[in-house]
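Nothing in this text is a laboratory measurement; each read-out follows from the coordinates by a stated rule. Keep in mind the model is a prediction, meaning the values are calculated, not measured. Every residue, glycine as well, gets a Cβ built from its backbone with ideal geometry; the counts of neighbours run over all protein chains shown.
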Amino acid sequence: ELRLSLKNWQRFYTVYFLNHLKMAGENVTTVDVNELPLPRLTQIKQELDTQVEIFGSSLQQLKIAQKKYGDSKECVERMQNMKEGNSLLVPLTDSVSFKR
């Protein structure tokens, strides 16, 4: 779980949203977090928590894809080194393979 002090959180929030807005091509206006009302800060925190969860989930999905890619690469390398006529089980999914 990500924990930030108020000062660090303010810095993170400012940098993150300024970069986000710049990438979107929007005009950027800065706001002092100390001037925002508590309900708005709570809303911003919830939005950031949601984004952190999404980023974490995306990272997990990327790690799974990376593992599958590595497994596939290893299978291709083994197939290239095999002598003609040898049989090989090639995985189609996690539970289905075919014999080559």
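Counting lysine pairs in the range 48-100 whose alpha carbons fall under 20 angstrom apart, excluding pairs fewer than 8 residues apart on the same chain, gives 5. The gain in end-to-end length when the residue 15 to residue 81 segment is fully stretched comes to 18.7 nm, 0.36 nm per residue minus the alpha carbon separation. Its Cα gyration tensor gives the range 50-100 an equivalent ellipsoid. The semi-axes, each the square root of 5 times an eigenvalue, are 33, 12, 4 Å from largest down. Between the beta carbons of residue 47 and residue 73, assuming R0 = 30 Å, the FRET efficiency works out to 0.20 to the nearest 0.05. Couplings 3J(HN,Hα) for the range 65-72, derived from phi with the Karplus relation 6.51 cos²θ - 1.76 cosθ + 1.60 (θ = phi - 60°), are 4, 4, 5, 5, 4, x, 4, 5 Hz, where x marks Gly and Pro. A protection proxy built from the mean count of other Cβ atoms within 10 Å ranks the segments 34-46, 84-96, most packed first, as 34-46, 84-96.
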